[in-house]
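Novice: Handing you a structure now.
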Amino acid sequence: MRRLLLVGLLCLSIASCGAGTTTGAAVVPEQSAEVTATGSPAAMPAASATPATCPTAVPASLPWATVRQATPAAPEDSGTPYAGQTATPRQEGTAVFAGPSSCFTPVAYLPLKTLGELTALPVIGTSSGWLHVLLPSRRHLPSVAPSPASVNHASGWIQSAAVTTTKAPLEIVVDQVAKTVTLLDAGKAVYSTAIEMDGGTDSVRGRTFVVGVYKTAASEQCSEQPLIVTAHQSQGADEYLEGEGAALQALHGFSWGCKITLLSGRTPGCTVISDSAVAELLARGVKPGTVVTVK
């Protein structure tokens, strides 16, 4: 049931974009016991370009690369082209490093599942048995980040032998200037739809990826709403709902009934498209791991 109520965490609840009305508190699904038991992430030193020595073991105190935790040692997304495949860890606790070797600074552990579904990470580079992937975690919480730009776009390196790779040619482009959402298949546009309402100044620009697909719970004001959750989180708020530990942003639908009764402003950070457009994106294969670029 907790999975069905995710939208409150994502965007202050869909109803909150109206005149102060809410549909009820919502929460992010629990991670595995190994993930939630780790506590706050530990600050890690920056990776050296040429590590002098290799550690004998990965520290047990590393944070987990989840939507609730920050991974401050994670390198920023380098912007290298997406490789058209995703990587899923074979087991809980796969180690992530700041470079393509265990000699580099350890960054985090990977959970087997993210928001209740198998973790799928876009591959953006390779090097001698290592894969460079995007991570679902934030690099820093906004309240302690050196700058807003240092909050999102975490990446890291994992051993290719520790993951299963899957071909994943789909990409979503959210163009907030042209007011369109376009689905690409191997770089070719195959579907496009209009943005009904963008996320305003809180919407994070740049490359991210889908971390979950859900429907909100029905309420007195609205029917259930489909949404495609991304790894982007607010650059200004540690969390959208107190105690939930995340401020996720999403592509989501908005029923006509909600529009009539509640719609008077933007949904913070999120991109609103029609329910039918969300359904079409999912029918065409959008799933966890799908790359999303917001511009």
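Novice: Within the stretch 197-216, take every residue that is surrounded by fewer than 16 Cβ atoms within 10 Å (Cβ to Cβ) and in contact (Cβ under 8 Å) with a residue 24 or more places away in the chain and give me the one that is farthest from the chain's Cα centre (by Cα). Let's see the steps before the verdict.
Specialist: Step one: of the stretch 197-216, the residues surrounded by fewer than 16 Cβ atoms within 10 Å (Cβ to Cβ) are 200-201, 205-206.
Still in the list and also in contact (Cβ under 8 Å) with a residue 24 or more places away in the chain: 200, 205-206.
On the way: Gly200: 18, Arg205: 13, Gly206: 12 Å.
In this case the residue turns out to be Gly200.
Novice: Mind listing just one residue for me: the one in the stretch 61-87 that is polar (S, T, N, Q) and closer than 13 Å to Trp157 by Cβ and, of those, surrounded by the fewest Cβ atoms within 10 Å (Cβ to Cβ)?
Specialist: Ser78
Novice: Tally up the residues in the stretch 236-276 that are over 14 Å from the mean Cα position of the chain (by Cα), of a type in the set (A, V, I, L, M), at pLDDT 85 or above and under 21 Å from Val181 (Cβ atoms), please.
Specialist: Within the stretch 236-276, residues that are over 14 Å from the mean Cα position of the chain (by Cα), of a type in the set (A, V, I, L, M), at pLDDT 85 or above and under 21 Å from Val181 (Cβ atoms) number 2.
Novice: Within the stretch 145-175, which residues are in contact with a Leu (Cβ under 9 Å, 6 or more places away or on another chain) and aliphatic (A, V, I, L, M)? Please lay out each step first, then the result.
Specialist: Step one: list which residues in the stretch 145-175 are in contact with a Leu (Cβ under 9 Å, 6 or more places away or on another chain), which gives 151, 153-160, 162-163, 165, 169-174.
Selection gives Val151, Ala154, Ile158, Ala162, Val163, Leu170, Ile172, Val173, Val174.
Novice: Of all residues in the stretch 96-123, which are within 19 Å of Val67 (Cβ to Cβ), hydrophobic (A, V, I, L, M, F, W, C) and assigned to a strand (DSSP E or B)?
Specialist: The first filter runs over the stretch 96-123 and keeps only residues within 19 Å of Val67 (Cβ to Cβ), leaving 96, 107-122.
Adding the requirement that they be hydrophobic (A, V, I, L, M, F, W, C) leaves 96, 107-108, 110, 112, 115, 118, 120-121.
Matches in the stretch 96-123: Val96, Val107, Ala108, Leu110, Leu118, Leu121.
Novice: Name, by its number, the condition in (1) of a type in the set (S, T, N, Q); (2) within 17 Å of the chain's Cα centre (by Cα); (3) modelled with pLDDT of 95 or more that does not hold for Thr193.
Specialist: So Thr193 meets the others, but not (2).
Novice: Somewhere in the stretch 155-162, is a residue over 22 Å from Val67 (Cα atoms), touching a Ser or Thr at 6+ places or on another chain (Cβ under 8 Å) and surrounded by 15 or more Cβ atoms within 10 Å (Cβ to Cβ)?
Specialist: Looking through the stretch 155-162, at least one residue is over 22 Å from Val67 (Cα atoms), touching a Ser or Thr at 6+ places or on another chain (Cβ under 8 Å) and surrounded by 15 or more Cβ atoms within 10 Å (Cβ to Cβ).
Novice: Can you tell me which residue in the stretch 199-235 is modelled with the lowest pLDDT, limited to those that are farther than 21 Å from Asp77 by Cβ and charged (D, E, K, R)?
Specialist: Checked the stretch 199-235; the qualifying residue modelled with the lowest pLDDT is Glu220.
Novice: On to the next question. Pull up the stretch 124-146, narrow it to residues that are part of a strand (DSSP E or B) and under 11 Å from the mean Cα position of the chain (by Cα), then point me to the one that is surrounded by the most Cβ atoms within 10 Å (Cβ to Cβ). I'd like the intermediate steps shown before the answer.
Specialist: Quick first cut of the stretch 124-146, residues part of a strand (DSSP E or B) only: 124-127, 130-134, 138.
Right, trim to under 11 Å from the mean Cα position of the chain (by Cα) and you get 134, 138.
On the way: Leu134: 25, Arg138: 31.
It comes out as Arg138.
Novice: Scan the stretch 166-186 residue by residue and report those that are touching a residue at least 12 places away in the same chain (Cβ under 8 Å), surrounded by fewer than 19 Cβ atoms within 10 Å (Cβ to Cβ) and under 15 Å from Thr290 (Cβ atoms). Steps first, please.
Specialist: Step one: filter the stretch 166-186 for residues touching a residue at least 12 places away in the same chain (Cβ under 8 Å), giving 166-177, 179-181, 183-186.
Next, from what is left, pick out any that are surrounded by fewer than 19 Cβ atoms within 10 Å (Cβ to Cβ): 166-167, 169, 173, 175-177, 179-180, 184-186.
Within the stretch 166-186, Thr166, Lys167, Pro169, Val173, Leu184, Asp185, Ala186 qualify.
Novice: Which residue pairs have Cβ atoms under 7 Å apart, sit 6 or more places apart or on different chains, and have a first residue in the stretch 269-293 that is touching a residue at least 40 places away in the same chain (Cβ under 8 Å) and farther than 20 Å from Ala231 by Cα and a second that is surrounded by fewer than 24 Cβ atoms within 10 Å (Cβ to Cβ) and among the aromatic types (Phe, Trp, Tyr)?
Specialist: Glu280/Tyr191; Arg284/Tyr191
Novice: Please identify the pairs in which a residue from the stretch 74-87 that is under 16 Å from Ala231 (Cα atoms) has its Cβ atom under 7 Å from the Cβ atom of a residue that is modelled with pLDDT under 95 and assigned to a loop (DSSP other than H, G, I, E, B), counting only partners at least 6 apart or on another chain.
Specialist: Going by the 7 Å Cβ cut-off, the qualifying pairs are Pro75/Ala47.
Novice: Moving to a separate point now. Does Phe104 count as of a type in the set (Phe, Trp, Tyr) and crowded, with 24+ Cβ neighbours inside 10 Å? Give the steps one after another, and end with the answer.
Specialist: Working: of a type in the set (Phe, Trp, Tyr): yes; crowded, with 24+ Cβ neighbours inside 10 Å: no.
Criteria not met by Phe104.
Novice: Then there's this: When you scan the stretch 81-95, how many residues do you find that are β-branched (Val, Ile, Thr) and either assigned to a loop (DSSP other than H, G, I, E, B) or out of contact with any Phe, Trp or Tyr (no Cβ under 9 Å at 6 or more places or on another chain) (or both)?
Specialist: Here is the first cut: in the stretch 81-95, the ones β-branched (Val, Ile, Thr) are 86, 88, 94.
Now drop any that are not either assigned to a loop (DSSP other than H, G, I, E, B) or out of contact with any Phe, Trp or Tyr (no Cβ under 9 Å at 6 or more places or on another chain) (or both), which leaves 88.
The total comes to 1.
Novice: Is at least one residue of the stretch 173-180 over 20 Å from Ala279 (Cα atoms), in contact with an Asp or Glu (Cβ under 9 Å, 6 or more places away or on another chain) and outside any strand (DSSP E or B)?
Specialist: First, pick out the residues of the stretch 173-180 that are over 20 Å from Ala279 (Cα atoms): 176-178.
With the extra rule that they be in contact with an Asp or Glu (Cβ under 9 Å, 6 or more places away or on another chain), the set shrinks to 176.
Applying the additional criterion that residues be outside any strand (DSSP E or B) yields 176.
Checked against the condition, which is being over 20 Å from Ala279 (Cα atoms), in contact with an Asp or Glu (Cβ under 9 Å, 6 or more places away or on another chain) and outside any strand (DSSP E or B), the stretch 173-180 yields at least one hit.
The values are calculated or read from the model by the stated rules, or taken from the named source; none is laboratory data. Since we're looking at a predicted model, the values are computed, not measured. Here the Cβ is made from the backbone with ideal geometry for all residues, glycine too, and neighbour counts use every protein chain on show.
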